[in-house]
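Chemist: Attaching a single structure in structure tokens format; questions to follow.
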Amino acid sequence: MAVTNFGITTRGDPVLRIDLCNGPLTVSLLTLGAALQGLWLTGTRYSLTLGSDRLADYEGDMRHHGVLIAPVVNRFTGAQAPIGRAVHRFEANQDGAHTLHSRSVGSHLQVWTLAKAAPTSATLTLTLPDGAGGFPGTRPVTATFSLSDPATLRLEITATTDKPTLFNAANHSYWNLDGTPDWSGHSLQIDADRYLPTTTSFAPTGEVRATAGTDYDFRTARQISRGHPALDNAFCLSNAPRALTPALTLTGQSGIAMTVATTDLSIQVYDGRHAIRPGQAAYEGIAIEAQNWPDAPNHAGFPSIELHPGQTYAQTTEWRFTTA
């Protein structure tokens, strides 16, 4: 385990890099955004997740790469959502009409505190202030990354609040298991028989559609290609919290496979068509985001993302790696 200085943000805040290692798996984390900066398997020269060695990239076009997004990931239609019977309004940062990734108050834009570090684990903490961006409640958030055998990265997220609020967090890493300019040739399997169609603004329409008979049926692994289908959708895994369960497997032509297991209720898959790293091209990596159903407060029947005093939000996600 090593902790080193990564740089100073434009606001003057120092950022740390934490390197963890266990057997064949090495990861690097940043205190900016609680970001997963890199992940390497023994014998693989490239990182399986897309990151950067430049802090300026994470304050610019890569602000969504590898980071932990909270209090609410994804979109709020119309930049508003009810909490109980009261409608709350938030910052509109998509098309001047919708809220994306909690806008300027998102945890991905903040420098977290390194609370604890060991050779195979690190705990980061952040307190989101009451009222920031329209979200009520003082909300302490904890993210613990840990490595275990065989070649498994685990992320445990918890949060509490002192006022009724909304909370739906996700790690927003982009993956390319081949180290190639784009993810062409990867295969995808998702254990979901339902998905959420979206509007032209990429927010859920409110319909919950069966995957059977559609291009969004990945219950059997199949190779993916650009636009077939275009992917920026949530795949529904459950209507209620559940035990840690494998949900998705991404496999590269290299023979490296990544299985994502989560306790959360859906998994968003985004093809990365607009997520372009400096000097790279579109579709370089595919985002896989375990989260609750997006835009949930604005759709009757979607599982609630309300968090109340006395409750603890908890999400566990594991990334499990194998080689052919």
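What follows draws every value from the coordinates through simple rules; no lab data is involved. What you are looking at is a predicted structure, and each value in this text was computed from that prediction instead of being measured. With ideal geometry, Cβ positions are generated from the backbone for all residues, glycine too; neighbour counts draw on all protein chains shown.
Chemist: With the cut-off at 1.5 for a/c, could you classify the stretch 204-318 from its C-alpha gyration tensor as rounded, prolate or oblate?
Modeler: Prolate, since a/c reaches 1.5 and a/b exceeds b/c.
Chemist: How far, in nm, would the chain grow between Thr4 and Asp53 when pulled straight, counting 0.36 nm per residue and subtracting the alpha carbon separation?
Modeler: Separation in residues times 0.36 nm, less the Cα-Cα distance, equals 16.4 nm.
Chemist: What does the extension gain come out to for Gln253 and Ala281, with contour length at 0.36 nm per residue minus their alpha carbon separation?
Modeler: Between Gln253 and Ala281, full extension yields 8.1 nm more.
Chemist: Amide H of His88: which non-local residues (sequence gap of 5 or more, or other chain) have their own amide H closer than 5 Å, using H built in the peptide plane?
Modeler: Ala81, Ile83
Chemist: Determine ³J(HN,Hα), in whole Hz, for all residues of the stretch 180-192 in sequence, where each value follows from phi through the Karplus function 6.51 cos²θ - 1.76 cosθ + 1.60 and θ = phi - 60°; x replaces Gly and Pro.
Modeler: Each residue of the stretch 180-192 in turn: 9, x, 8, 8, 3, x, 6, 10, 10, 10, 10, 7, 9 Hz.
Chemist: Next question, about the same structure. Can you compute the FRET efficiency between Thr180 and Ala92 using 1/(1 + (r/R0)^6), with r the Cβ-Cβ distance and R0 = 25 Å? Round to the nearest 0.05.
Modeler: Computed FRET efficiency for Thr180 and Ala92 comes out at 0.10.
Chemist: Please report, in Å, the Rg and the Dmax of the chain, where both are computed over Cα atoms only.
Modeler: For the chain, the Cα-based Rg and Dmax read 18.4, 55 Å.
Chemist: Here is a further query. Counting helices only, and only those DSSP H runs with n ≥ 4, report the 222 nm mean residue ellipticity of the chain as the sum of -39,500 (n - 2.57) divided by its residues, in deg cm²/dmol to the nearest 500.
Modeler: Taken over the chain, the calculation gives 0 deg cm²/dmol.
Chemist: With each label point set 7 Å from Cα along the Cα-Cβ vector, what nm distance links Leu244 and Thr322?
Modeler: 1.7 nm
Chemist: Order of Asp19, Asp295, Asp162 from fewest to most other C-beta atoms within 10 Å?
Modeler: Asp162, Asp19, Asp295
Chemist: May I ask you to evaluate 6.51 cos²θ - 1.76 cosθ + 1.60, the Karplus curve with θ = phi - 60°, for each residue of the stretch 255-264 and list the ³J(HN,Hα) values in order in whole Hz, giving x for glycine and proline?
Modeler: x, 7, 10, 10, 9, 9, 10, 8, 8, 7
Chemist: What net charge is computed for the residues neighbouring Ala290, neighbours being all others with C-beta under 10 Å from the C-beta of Ala290, Lys and Arg scored +1, Asp and Glu -1?
Modeler: Net charge in that neighbourhood comes out at -3.
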